[in-house]
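The values are calculated or read from the model by the stated rules, or taken from the named source; none is laboratory data. What you see is a predicted model, and the numbers here were worked out from it, not measured in a lab. Cβ sites come from the backbone with ideal geometry, for glycine too, and all protein chains shown count toward neighbours.
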Amino acid sequence: MGEVSGEIGFDWRGAVLLMVVAVALHVLTWVLLPFVMAAIVAFLCQPVVRALTNRTGMPLWLAGAGVWLVLFAIGAGIAAGIGVSVVNEVSRLARHGPDLVQDTLVQLLGPNGVQVYGVHLTPQGIAKDVKAHVGAGLRLGSAARLGSVVVAAGIGVVLFAALSFYMTLSGPKIARGALWLVPPSQRPAVRRLLPEMIAALRRFYIGVLCIVVFTAIAAWIGYGLWLHVPDGPLLALALGVLETVPAIGPMASAAIVAVVALQLHNPAIMALMVGYAIGLRLVIDDIVAPAVLGRSVTVHPVVVMLAYALGAVLFGVTGLLLAVPAAACARIWLEAAYGDKPTEMVGADMVGTV
């Protein structure tokens with residue numbers, strides 16, 4: 001076994017460990033997703049748990065259980081409110097979908113339809129075709145596939161709840177076990193850099209919270225105050241909460257906006273809702289998220305976008321959750337290993353010209 005020096009770098013054991021983690025994330029991305037999300041929740045809960053323990057003297061496990069129960073109650077309440085609203089909207093769309101499509105087309109095309117390249121398109125005909133295609137899709141097993149996805153999601157939620165509970169109670173013990181996986185020669189260096197890495201990760205997740213708040217406020221202003229959409233505050237809350245789920249969250253947000261817009265029977269409001277959703281998505285993805293997250297972890301917005309792209313391609317949703325934290329930790333490690341920062345590698349005059 002090598003000598004424990006505390007110097008920052010890599011040896012073959014560290015490289016093998018990183019390769020094993022990368023392969024596991026790539027192959028088991030959906031299996032590991034509840035574990036990663038539970039670890040993030042437990043990580044964010046640890047300061048509160050420690051504060052309760054220090055102030056009240058209660059056992060660590062009791063403080064962790066109390067914090068987890070409060071978070072679970074809040075999350076369950078929000079999920080129940082949003083879930084009931086979504087189920088009601090989807091049920092209404094399933095019952096009256098063809099009629100809604102026909103009414104919307106009547107307003108867009110007129111009651112007699114239009115001629116397009118010699119083909120007479122009528123609202124009644126298009127609605128009938130839509131209904132036939134939906135029915136054919138259901139007969140082909142779409143309902144069964146949707147049911148399997150719902151069951152898998154339910155299992156994932158239960159697993160996430162159980163994992164977050166145990167990780168919140170045993171966070172420090174799990175962290176010590178993870179540190180044991182680090183090669184002995186690198187453990188002193190890791191211990192020395194951990195406080196800075198933890199601070200960067202905490203700033204990152206606070207930045208995510210800021211994006212959630214921004215999304216909810218922007219959606220409430222657009223859909224509630226401006227367009228006066230029914231249940232505007234609840235819609236805004238749902239869109240904000242969904243920002244915490246990479247990839248799937250934005251797609252679910254777009255689906256919710258589309259379902260709500262389809263039921264308004266007003267083509268102008270529908271177009272404004274869809275346009276506002278697209279504009280808000282572009283602002284969040286290309287301006288707010290890179291700027292906020294990049295500043296919170298002192299990583300350039302271009303690196304943030306590159307990390308998201310690589311994480312999504314290589315490791316799916318799990319990669320999106322870990323992309324920016326991994327980039328922030330890599331920056332801290334490289335600065336400590338090289339003893340300088342990227343801006344110190346060139347002169348001031350050159351920096352001004354880049």
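Considering only residues that are modelled with pLDDT of 85 or more and over 16 Å from residue 263 (Cα atoms), look in the range 225-236 and name the one that is surrounded by the most Cβ atoms within 10 Å (Cβ to Cβ).
My answer is 236.
Filter the range 239-257 for residues that are over 14 Å from residue 284 (Cβ atoms) and either charged (D, E, K, R) or touching a Leu at 6+ places or on another chain (Cβ under 9 Å) (or both) and give the result.
248, 252, 256
Pairs, please: C-beta under 7 Å, at least 6 apart or cross-chain, first residue closer than 14 Å to residue 332 by Cβ and in the range 182-204, second not in a helix (DSSP H, G or I)?
Pairs that qualify, where the first residue is closer than 14 Å to residue 332 by Cβ and the partner is not in a helix (DSSP H, G or I), are 189/6; 189/7; 189/8; 190/182; 200/297; 203/297; 204/297.
Looking at 308, 276, which one is within 16 Å of the chain's Cα centre (by Cα) and part of a helix (DSSP H, G or I)? I'd like the intermediate steps shown before the answer.
Numbers: 276 fails: within 16 Å of the chain's Cα centre (by Cα).
Matching residue, one of 308, 276: 308.
Go through (1) closer than 30 Å to residue 322 by Cβ; (2) at pLDDT 75 or above one by one and return the number of the condition residue 57 breaks.
The failed condition is (1).
Only one of 153, 161 is surrounded by 15 or more Cβ atoms within 10 Å (Cβ to Cβ) and within 16 Å of residue 34 (Cα to Cα); which?
161
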